[in-house]
Amino acid sequence: MLLEPLPDQESLRDTTAKYLADVMSSEQVRRLRDDAAGFAPGYWRQGAELGWTSLLVGEAQGGGSVSEHGLVDLTLIAHEFGLRAAPGPLLPANIVAGALSAEGAGDHSEVVAGLLSGASVASWAYAEEAVAATEPAAMACQVRAEGDELVIDGVKRPVEAAAQSDHLLVTGRTGDGLTQVLVAAGTPGLSVEAMHSVDLTRRFARVELRGVRVPSSAAVGSVGGAGAQVERQFEQAVVLACAEAVGAMQAAFDMTLAWTFDRYSFGRPLASYQALKHRCADMKSWLEGAHAVTDAAARALATAAPDAAELASVAKSFVGDYGAELLQDCVQMHGGVGVTFDHDLHLYLRRVSLQRALWGTPAEHKRRITTLLEQRGDA
Amino acid sequence: MLLEPLPDQESLRDTTAKYLADVMSSEQVRRLRDDAAGFAPGYWRQGAELGWTSLLVGEAQGGGSVSEHGLVDLTLIAHEFGLRAAPGPLLPANIVAGALSAEGAGDHSEVVAGLLSGASVASWAYAEEAVAATEPAAMACQVRAEGDELVIDGVKRPVEAAAQSDHLLVTGRTGDGLTQVLVAAGTPGLSVEAMHSVDLTRRFARVELRGVRVPSSAAVGSVGGAGAQVERQFEQAVVLACAEAVGAMQAAFDMTLAWTFDRYSFGRPLASYQALKHRCADMKSWLEGAHAVTDAAARALATAAPDAAELASVAKSFVGDYGAELLQDCVQMHGGVGVTFDHDLHLYLRRVSLQRALWGTPAEHKRRITTLLEQRGDA
Amino acid sequence: MATTEAEDLDDFRERARKWVTANLRPGGAERAGLRGSTDEEAELAAVAREREVQRAMFDAGFAGICFPKEYGGQGLPPAYQGAFNEALAGYEYPGRLQVPTLSPCAAVLLEFGTEEQKRQHIPAMLKGEELWMQLLSEPGGGSDVAGATTTAMRDGEEWILNGSKIWTTGAWWSDWGLCLTRTNWDLPKHRGLTVFILPLRQPGLDVHRIEMLNGSREFCQEFLSDVRVPDTDRVGDVDDGWTVGTRWMFHERMLYNSPLVSFPAGAGNAAGGPDLLGIARSAGVLGDVAMRERVGEGRVLDVVGNCLQDRVGAAVRSRQMSDQAAAIVRLFKGISAARTRTLGYEIAGAAGGVWADGDGASADAGVDFLMRQTACIGGGTTEMARNVISERVLGMPREPAVGRDLPYRDVPRSATSRR
Amino acid sequence: MATTEAEDLDDFRERARKWVTANLRPGGAERAGLRGSTDEEAELAAVAREREVQRAMFDAGFAGICFPKEYGGQGLPPAYQGAFNEALAGYEYPGRLQVPTLSPCAAVLLEFGTEEQKRQHIPAMLKGEELWMQLLSEPGGGSDVAGATTTAMRDGEEWILNGSKIWTTGAWWSDWGLCLTRTNWDLPKHRGLTVFILPLRQPGLDVHRIEMLNGSREFCQEFLSDVRVPDTDRVGDVDDGWTVGTRWMFHERMLYNSPLVSFPAGAGNAAGGPDLLGIARSAGVLGDVAMRERVGEGRVLDVVGNCLQDRVGAAVRSRQMSDQAAAIVRLFKGISAARTRTLGYEIAGAAGGVWADGDGASADAGVDFLMRQTACIGGGTTEMARNVISERVLGMPREPAVGRDLPYRDVPRSATSRR
């Protein structure tokens, strides 16, 4: 992560690091495997007090960045989550909080207040089956206006923490445009069915919306005109997923490097074998590359730089491909013990693998990059 | 190549090996860079006497296999060509000789006789620009019957040794079917333009056919019904390309392994560095895999086994991908000297790289394999 | 027994074919390698069924085809085992009783066991009464098998064993084990080892099932606390266990070329990899050429791996390559298994990371991906295979081993295995 | 000279911007790295132009911005060089006179040269009158720079040099060289070296241009036969050349963070890779998603490499990483350059292997592919970078070096360099 965080960023990071160290040992993460929600409400509320959900929300609405750039601040938290494979809906709660408090989003201050305090949770119903996350225009979910109401039909999957959420921000199409709607849990026509995932604590669901009706005021942004906002949310999600994955990469790398010093084979520490030394060197280059590009993408997105879209996709593609390879190399160096349930390594392997698959796979982002390159050529 | 060749196969291989060792030093290969044809007619005629062009031709027509399986015999020759990066139109001359003497090909005995003696050369005008070699149905070249004549229009590229050939076997479409036609050099409407290649001695050309007219008897096989024969020729070409590439891989690997023993760095031979030892182990596994799959494909094709099509594509894809990686690893271990013109290594790098690009790239063959898998599932 | 001295190969083949068809269930290698089974009852039932099948094979004269008659075998040449394996193709077979029971365990007993040991155990193995395991790897040892620190101390006519072994498949449903121990810490590593036979169900031997990340609990760790073994259960000479161990490793390498084990012909070639075409279909990307390339790549690796195995097997049999060349196949198959699982995860896309009940083949892609390295670890790591290939096959210089001639107690070891 | 003591950074920046715009041609890093140039005249013309530009920079007060005034420099802080580099962005610049002339060569002279040496050479370098080269690598030496076997024997007030150096870029159009030699074969490797200055055009020094497989002849090998060098051209103490060499290597690693060289801002980040989009277009496969993935992959590697370079550069400057961390960037960029060239060859398809005049971008893909490893060899191999990262950055144990303390004459060496 950031080479030179500001003092306020450092203290934000430190309080989260300390809190997680206190309450979220790897033993605890393992225990949460059997927890239906994957995290306890109290854990989340305390985290919210440390700023976990406020960084993308403007000060006027009770939030605020500790630097100029809330997204950059938030990547520091996400990185700490990765370092501990910590549970909780960090990514979707922040994306929704940010979206609801954005300019032109409409008045959703009550919901935002709940998210800020950690008393409630919200998630983003964005992805669909067999639709590349990088191509929102291809989504099938429909939102249509009927009088004072909006009617939503579609199936969203996977939706993180959907069953644990008080509200879902649903993205769908209205004609050729995109629309975002805030739907409260329990709204008639909304059904949530649990899915399985490679992660131990993150919970996902398939969300079906059949003729779900909400008042027009539930729209977040303009009906049929939310494309730019959706893209921004998507890129924020991509960067947060990367930041978390980089944290997990760092933890796994550090653990593995230490292991190569401690572990002897044929009278020598593993760290003395050139084949493994060179593997570690490659991993180090991937790790630093992952840090570098994720930080660059966060900064670009926070400052609305012209290459933000490309950097986000470059980061997601790189971290997805090389993060997974790095983790698997860590497993290989550990040997069989690295894939036992009682070892910590798989917690990170799971987190990195999960983040690789969601918010656009490396392959999908590579295609998006090519499209961006073509557009640049045309411009 | 073959683990246990028959005695006749061994003697076939040995005579070619000795002949090439005599006349085709790497110095000589380098000199041929400046030779317009890339090989001397006398060299080719002498090779033909050793059996270079007779193995796919039936005994009745003056050819003959030294085992039951001419194609397998021929892979031994191709392998020797690879071992020396030898020049000469081995692949196209044999494919055409085989095609002209196949059952139902019509009477082309005079041309076949010339090929057998090495007095003349022929090539196969098959590939087209921006058409995958694995998808002949997509080719654009047209052959249409007009009375007693066939009229050909199209552009073929690359065609090996086209400028050095006395005849071209041109493959084109007639309606939805494929047709093959033998066209003599100098036929009006036929033009040949030299191309460049990564290889030092193999020459290629772009062949344009504009209203080229030949008598119906120039057809090789049935008009519009040559699909199966074209596929067989294509798979033969694929296997020969692989066999040659495997020979080049073997030569490069042997040269590089020896180098790691001779060369010292920091007071130790390169061969003592574990990182390089492990690289050599990987290379060895690729090399043996390439031998194994190429032999299996040749045998399957020679015996018309049901998995011949798949094995040919598997071999081409594997040898293309891993052959190129092996050669580049050889370059890396040699350091800068490995890419100097006076070193022999690039002769093999060129040959392997050439064979990777022609007769379907690894990517194209992987797609073909998936199609074959689907067809098998459907069957 | 139906066999007679005079039965020729063709008759044998025909009889085998008929017997297999009439007595065995269609199936084959159904053991879930990477995905593991979490169902204990099903596992025990499968073990019981294999014992039954082995017994039926024994009764029909198809067990131990190449084992000496005096130990319950058939005393036939390897071609007969080959014919039986062909008959087995496509049918269930008692895999757990073949490997490691018949090889390497029985193979080691045949070479080094006392007459009594052979008479006691080999017929029982062939009848399916004794399931054997290899107590070889240790928690601190990794690939360095000869670095065993499980200690056997002599006490009159007995030995007292202390230490721990790990990565024993199914020790919890097995009966006996071959155990490599250190009997002399004052000699260099390879010279102070001794091999023992020991029953796995006895006081002082605690079998702990290890849970893997995918929930599988097929591997075990054994803790030995003052386990007493009579000297008559020693295999080979005292402190000469590495002579035994070397052959033990040899039999491990040669498994698919061994006439001592029965397995359906082609089983060694079973792809066993993920069904990439199925994953593509269930993920809805069969029309995407980039995903079609990945399906094709997986198939390339599977097919080449099989061709390579055939080639190396033939070359080892014809002595054109040493048996160490088996490491080439091990390396290739490990790397390609890891790669095909990565391909599966790529093809599955988001559905690989998060899946719903009823998703089809893509639902397995995620956990398969998490477990992918097991193909490069189990049965000797790919790193060890690369060492063997470079040093033993290509003749490159050996890695400097620290303290090859030191008393083993003075050789640096992992903290966990120091004593 | 127009500069005054008092000129502040903003004024300087503005003056630099104006001067560059008015005096230099648009362009930038046009040197064909991998493809090489085969046109000798064009090469010489480019060298002449660079000398002109350097002279113009000197006359305008923009040469040696951070060099001491007494040697012709401007004596300004690094920020001024940074400002000038920003002004240079998008313009031609005299690259051959920056590297290796100003760094590492001038940098080494500044640290170790005698007053006379500095006064003689540094102003001449800054004026574009002296082009310098590094005579470092040897044909038998590979990455082992300190293993130099080119020998210097003392003869009164002179030294007599014999041996051979290799991989000197453009020695045929250069004037001077820094040469690492062995002056004592009875001391261990690092303790018998000495550095000399020598003119490249003199009797006994034969410059041979090496032809690469792509026809490029930019690299040279020098053969030294009884080349005489006065002791006054020695740099540093006798037999203490590795003290000089260590700093020499340091300056090499730090090139893009060095205030001693001028280069257009971002030039270190110039992708320089193949134009994959162009190749896809000319090969007619821009509509193929699998090829679009490859184009994207290439872009990913380029962009990450640049981000990584920025990160490591910043970390080294702020001392959060040691300068050895430069090896991380070197490794990443080497590997990714090789990979992007492979991608280019894959995208080009058949047209990469065989091409026609006028084929467009795909026509270069083949030769670029043949040359791809040069990115992992030149300037220190990726293997050396991996050694440095693992040992110096991660602190893993050093490789055992044979004979670190032996007289160098007794240390095993490649046959070609044995004497």
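Annotations
- In segment C:159-201, the residues that are within 14 Å of chain A (Cβ to nearest Cβ) and basic (K, R): C:K165, C:K189
- Matching residues in segment A:313-332 - criterion: being of a type in the set (A, V, I, L, M, F, W, C) and away from chain D (no Cβ under 11 Å): A:A324, A:L326, A:L327, A:C330, A:V331
- Filtered residues of segment A:108-140 (kept if outside any strand (DSSP E or B), more than 22 Å from C:G287 (Cβ to Cβ), among the hydrophobic types (A, V, I, L, M, F, W, C) and in contact with a strand residue (DSSP E or B) (Cβ under 7 Å, 6 or more places away or on another chain)): A:V111, A:L115
- The listed residue being of a type in the set (A, V, I, L, M) and under 17 Å from A:G98 (Cβ atoms), out of A:L12, A:L32: A:L12
- Residue within segment A:51-74 that is surrounded by fewer than 24 Cβ atoms within 10 Å (Cβ to Cβ), of a type in the set (V, I, T) and touching an Asp or Glu at 6+ places or on another chain (Cβ under 8 Å) present: yes
- Residue-level check: of (1) facing chain B (nearest Cβ under 10 Å); (2) free of Cβ contacts under 8 Å to residues at least 24 places away in the same chain; (3) over 20 Å from D:E138 (Cβ atoms); (4) buried (at least 20 other Cβ atoms within 10 Å of the Cβ), D:P400 misses just (4).
- Selection within segment A:138-152: residues that are within 22 Å of C:A351 (Cβ to Cβ) and in contact (Cβ under 8 Å) with a residue 24 or more places away in the chain. The member of this set that is surrounded by the most Cβ atoms within 10 Å (Cβ to Cβ) is A:C141.
- Within segment B:60-114, tally of residues that are at pLDDT below 95, among the acidic types (D, E) and either closer than 19 Å to B:R232 by Cβ or not assigned by TED's automatic domain parsing to the domain that holds B:P41 (or both): 2
- Within segment B:177-191, the set of residues being without any contact (Cβ under 8 Å) to a residue 60 or more places away in the chain and either out of contact with any helix residue (DSSP H, G or I) (no Cβ under 8 Å at 6 or more places or on another chain) or buried (at least 17 other Cβ atoms within 10 Å of the Cβ) (or both) comprises B:L178, B:T179, B:V181, B:V183, B:A184, B:A185, B:G186, B:T187, B:P188, B:G189, B:L190, B:S191.
- For segment D:108-120, the criterion of being of a type in the set (F, W, Y) and either within 30 Å of B:R263 (Cβ to Cβ) or over 19 Å from the mean Cα position of the chain (by Cα) (or both) is met by at least one residue.
- Test: residue in segment B:108-126 that is within 14 Å of chain D (Cβ to nearest Cβ), surrounded by fewer than 24 Cβ atoms within 10 Å (Cβ to Cβ), polar (S, T, N, Q) and in contact (Cβ under 8 Å) with a residue 60 or more places away in the chain: no
- Residue within segment C:246-261 that is over 30 Å from C:A375 (Cβ atoms) and touching a Gly at 6+ places or on another chain (Cβ under 8 Å) present: no
- Pairs are defined by a Cβ separation below 9 Å, a sequence spacing of at least 6 or placement on different chains, a first member in segment C:212-223 that is free of Cβ contacts under 8 Å to residues at least 60 places away in the same chain and closer than 18 Å to C:A46 by Cβ, and a second member that is outside any strand (DSSP E or B) and of a type in the set (A, V, I, L, M, F, W, C); the pairs so defined are C:F219/C:A171; C:F219/C:I210; C:C220/C:A171; C:C220/C:W172; C:C220/C:I210.
- Scanning segment A:196-211 for residues that are of a type outside the set (K, R), surrounded by fewer than 24 Cβ atoms within 10 Å (Cβ to Cβ) and under 18 Å from A:D153 (Cβ atoms) yields A:E208, A:G211.
- Residues that are farther than 21 Å from D:T232 by Cβ and assigned to a loop (DSSP other than H, G, I, E, B), drawn from segment D:90-120: D:G90, D:E92, D:Y93, D:P94
- Within segment B:278-294, the set of residues being over 16 Å from C:L394 (Cα atoms) and more than 7 Å from chain C (Cβ to nearest Cβ) comprises B:A290, B:T294.
- D:F263 surrounded by 23 or more Cβ atoms within 10 Å (Cβ to Cβ) and at pLDDT 95 or above: no
- Residues within segment A:275-324 that are acidic (D, E), within 19 Å of D:V295 (Cβ to Cβ) and assigned to a helix (DSSP H, G or I), tallied: 2
- Any chance C:S258 is within 14 Å of another protein chain (Cβ to nearest Cβ), in contact (Cβ under 8 Å) with a residue 24 or more places away in the chain, in contact with a helix residue (DSSP H, G or I) (Cβ under 6 Å, 6 or more places away or on another chain) and among the polar types (S, T, N, Q): no
- Of all residues in segment D:379-397, those satisfying the criterion of being surrounded by fewer than 18 Cβ atoms within 10 Å (Cβ to Cβ) and either among the basic types (K, R) or at pLDDT below 90 (or both) are D:G379, D:R392.
- Test: residue in segment B:240-263 that is at positive phi and surrounded by fewer than 24 Cβ atoms within 10 Å (Cβ to Cβ): no
- Which numbered condition B:E160 fails, given (1) under 21 Å from B:A86 (Cβ atoms); (2) more than 10 Å from every other protein chain (Cβ to nearest Cβ); (3) acidic (D, E); (4) in contact with a strand residue (DSSP E or B) (Cβ under 8 Å, 6 or more places away or on another chain): (2)
- Within segment B:1-20, considering residues that are of a type in the set (A, V, I, L, M) and not in a helix (DSSP H, G or I), the one nearest to B:A86 (Cα to Cα): B:M1
- Residue within segment A:197-205 that is touching a strand residue (DSSP E or B) at 6+ places or on another chain (Cβ under 9 Å) and in a helix (DSSP H, G or I) present: no
The values are calculated or read from the model by the stated rules, or taken from the named source; none is laboratory data. Being a predicted model, the structure only gives us computed values, none of them experimental. Counting neighbours? That spans all protein chains shown, and the Cβs are built from the backbone with ideal geometry, glycine included.
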